[in-house]
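The values are calculated or read from the model by the stated rules, or taken from the named source; none is laboratory data. Note that the coordinates shown come from a computational prediction; the quantities given were computed from them, not determined experimentally. Cβ placement follows ideal geometry from the backbone for every residue including glycine, while neighbour counts extend to all protein chains displayed.
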Amino acid sequence: MSRRVLGLDRFLALLLGLVLIALGAAVGAWGLGQLTRVWASAPEQISTAGATSTVLEASWWPGAAAAGAVVLGLLGLWWLVAHVPRRSTGPLRLSGSDRSGTLLVDGSSAAQTAAEVLAETPGVRSASGRVVSDRGQLLAEISVTAEPSVDLAELAEAVERTTADLNTVLGRSDLRGRVAVRIARRERSQPRVH
């Protein structure tokens, strides 16, 4: 799924969820006779030609309207929660797994360890890593913050070594990597020693 289609899906899911929640609130307010307090321009009279007046005057009507409001509101909340993107992955199955046993590894811990190794490179201020699922693809993300004076060639070599080591440790052919390097605006001031 392309980013554009994924963005449209998320936008429509948010819009539909908000409409369902608003509709549930409006039905609840209408059933309790409070629609004009919630919606100032609500019509004074709503035509209910299809329903008999005894239905709207029945003692069970406010409760039924409130139940309908709750159901619509919960449906809207469920819709929104169901469309929240989940990028986390569980334990990864290693290539040595077979019928006699399953070998699992926490991919994010391995990526974080790789980031810590990368953070030892001169000129690197900090680094963090995790393994996520991005549009059905298993992805090791490492974020690096480097000093402005960092030697980019040395950093590139360190990134190559670290990602190769991570690939060896995890041994997954379906794992892709992404390393984002951010250069800090200013050098971090070193503490003075007296």
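Miscellaneous remarks
- Being part of a loop (DSSP other than H, G, I, E, B) and either farther than 30 Å from residue 4 by Cβ or in contact with a Ser or Thr (Cβ under 7 Å, 6 or more places away or on another chain) (or both) is a property that residue 121 has.
- Filtered residues of region 18-32 (kept if of a type in the set (Gly, Ala, Ser) and modelled with pLDDT of 80 or more): 22
- Every condition in (1) of a type in the set (Ser, Thr, Tyr); (2) farther than 19 Å from residue 184 by Cα; (3) not in a strand (DSSP E or B) is met by residue 149 except one, and the failing one is (2).
- Among the residues examined, residue 127 does not qualify as of a type in the set (Gly, Ala, Ser) and either touching a residue at least 24 places away in the same chain (Cβ under 8 Å) or not in a strand (DSSP E or B) (or both).
- Restricting attention to region 37-80 and to residues that are among the small types (Gly, Ala, Ser) and over 40 Å from the mean Cα position of the chain (by Cα), the residue that is modelled with the highest pLDDT turns out to be 59.
- Condition check for residue 80: farther than 30 Å from residue 16 by Cα and of a type outside the set (Lys, Arg): no
- Unique match (being surrounded by 15 or more Cβ atoms within 10 Å (Cβ to Cβ) and not charged (D, E, K, R)) among 129, 136: 129
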